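Peer 1: The structure follows.
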Amino acid sequence: MRFPTPLLQGRLVRRYKRFLADVDLDGALVTAHVPNSGSMIGLDAPGSAVWLSRSDNPKRKLAHTLELVEALDDPDAPCLVGVNTSHPNGLVAAAIAAGTIPELAGYARLRREVKYGLNSRIDILLEDEARPPAYVEVKNVHLRRPARGDGRAAEFPDCVTARGAKHLVEMAGMVRQGARAVMVYLVQRADCTHFRVAADIDPAYAAGLRLALESGVEAVCWSCRITPQAIELERPLPILHGPIPHGPIRTD
């Protein structure tokens, strides 16, 4: 995915009310929309370098959108992190269409935002006459906590997500009906080596994922290469389970 127009670089002044951020753009203070309902742990420090997109749509209340934040977990190797949670569904859909994700390749049809379960919408539905349908739920991942474990885990969620836990139950239900159900954790950063559930942040989600996997729900994780020009899937990451050990984590 390429950004349709050049992003504007600035400095974060503050993030507030979850969906708003004040940003210094070359001395001009603008208020930007923050398309992220999470806590954005480690990505909301005042003074952080950020990149905004700008829309010319006159119907929008805020012209600017927060897209990228420079994480300084490693001062010698700063990392750009995508925080716009509206991008992952499109990124994964494009990757599936291109055959990038082997576990989801080869289906004849792809539909998005399809109603299913009791009262939910699946992000992506893959269909083919030759095999059961695949219900694909995409989760945006941007959390990395350098002080935990080896400091290289991408983690989800970064706040309690009752909605996410509900989706796990719905997907397990689709497996019982004979369909496939696949969680795709999309890491919008390139400095992680593996994925873990942040069980200390949301124990209920961690328990729900464990039960879903035991019920036959599948899970894959991919990290992204991020630049101010584009975001693209780069490589799969292993998904590790269990408590975070105190020493270095082997991922080979």
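Peer 1: Most mobile of 89, 36, 119 per a Gaussian network model of the chain (Cα springs, under 10 Å)?
Peer 2: Maximum fluctuation in the GNM of the chain, among the listed residues, is at 119.
Peer 1: Mind checking the full-extension length gain between residue 110 and residue 159? Use 0.36 nm per residue of separation minus the Cα-Cα distance, one decimal, nm. Write down the numbers at each step before the final one.
Peer 2: Numbers: separation 49, 0.36 × 49 = 17.64 nm, distance 3.02 nm.
Stretched out fully, the residue 110 to residue 159 stretch lengthens by 14.6 nm.
Peer 1: Let me ask another. Just tell me which lysines come within less than 16 Å, Cα to Cα, of residue 115; anything on the same chain fewer than 8 places away is out.
Peer 2: Once the sequence-local lysines are set aside, what remains near residue 115 is 166.
Peer 1: In the range 46-109, what trypsin sites (Lys or Arg not before Pro) fall in a loop by DSSP, with at most 15 other Cβ atoms inside 10 Å?
Peer 2: Sparse-neighbourhood loop trypsin sites (Lys or Arg not before Pro): 59, 60, 61.
Peer 1: Carbon-plus-sulfur fraction of the accessible area of the range 30-107, 1.4 Å probe, in percent?
Peer 2: Its accessible area is 52 percent carbon and sulfur atoms.
Peer 1: Further, regarding this structure: Would you kindly derive the ³J(HN,Hα) couplings of the range 107-113 from the backbone phi angles with the Karplus curve 6.51 cos²θ - 1.76 cosθ + 1.60 (θ = phi - 60°), listing them in order in whole Hz, with x for Gly and Pro?
Peer 2: Karplus values, whole Hz, x for Gly and Pro: 7, 6, 9, 10, 10, 10, 6.
Peer 1: Sorting 3, 19 by accessible area (1.4 Å probe), largest first, what list results?
Peer 2: The ordering from most to least exposed comes out as 19, 3.
Peer 1: Could you tell me which helices of the chain pass both thresholds, a Cα extent of 20 Å or more along their own axis and a mean Kyte-Doolittle hydropathy of at least 1.6, with helices taken as whole DSSP H runs?
Peer 2: For the chain, where a helix must reach 20 Å along its axis and average at least 1.6, there are no hits.
Peer 1: Residue 106: net charge of surrounding residues, Cβ under 13 Å, Lys/Arg +1, Asp/Glu -1, itself excluded? Don't jump to the answer; show the numbers that get you there.
Peer 2: Numbers: positive: 109, 131, 180; negative: 103, 127, 128, 129.
It works out to a net charge of -1.
Peer 1: Once you have a ≥ b ≥ c as the square roots of the Cα gyration tensor eigenvalues for the range 86-214, tell me rounded if a/c is under 1.5, and otherwise prolate or oblate according to whether a/b is larger than b/c.
Peer 2: The shape class here is oblate.
Peer 1: About its Cα centre, how strong a charge dipole does the chain have in debye, to the nearest 20, once Lys and Arg get +1 and Asp and Glu get -1 at the Cβ?
Peer 2: Once rounded to the nearest 20, the dipole reads 700 debye.
Peer 1: Here's another thing I want to ask about it. Just tell me which lysines come within less than 28 Å, Cα to Cα, of residue 61; anything on the same chain fewer than 8 places away is out.
Peer 2: By straight Cα distance, residue 61 reaches 17, 139.
Peer 1: Pull out the extension gain between residue 230 and residue 127, defined as 0.36 nm times the separation in residues minus the alpha carbon to alpha carbon distance; nm, one decimal.
Peer 2: Net length gain for the segment: 34.2 nm.
Peer 1: At 1.4 Å probe radius, can you tell me the per residue accessible area of the chain in Å²?
Peer 2: Per-residue value: 49 Å².
Peer 1: Per-residue HN-Hα couplings for the range 220-231, Karplus 6.51 cos²θ - 1.76 cosθ + 1.60 at θ = phi - 60°, whole Hz, x for Gly and Pro?
Peer 2: For the range 220-231, the Karplus curve yields 9, 9, 10, 9, 10, 9, 10, 9, x, 9, 7, 10 Hz.
Peer 1: With every protein chain in place, what's the accessible area of residue 231 (1.4 Å probe, Å², nearest 10)?
Peer 2: Taking all protein chains as shown, residue 231 has close to 0 Å².
Peer 1: What FRET efficiency do you get for residue 11 and residue 148 if R0 is 22 Å and r is their Cβ-Cβ distance, rounded to the nearest 0.05?
Peer 2: 0.20
Peer 1: Tell me, what % of the accessible area of the range 108-252 is carbon and sulfur with a 1.4 angstrom probe?
Peer 2: On the range 108-252, the fraction of accessible area on carbon and sulfur atoms equals 53 percent.
Peer 1: Here is a further query. Give the distance, in whole Å, between the Cα centre of the range 104-156 and the Cα centre of the range 28-82.
Peer 2: If you average the Cα positions of each part, the centres end up 24 Å apart.
The values are calculated or read from the model by the stated rules, or taken from the named source; none is laboratory data. Note that this is a predicted model, so its numbers are computed, not measured. For neighbour counting, all protein chains shown are included, and Cβ atoms are generated from backbone atoms with ideal geometry for every residue, glycine included. We work out accessible area using only protein heavy atoms, side chains counted, and drop any ligands, DNA or RNA first. Shrake-Rupley method; radii C 1.70, N 1.55, O 1.52, S 1.80 Å.
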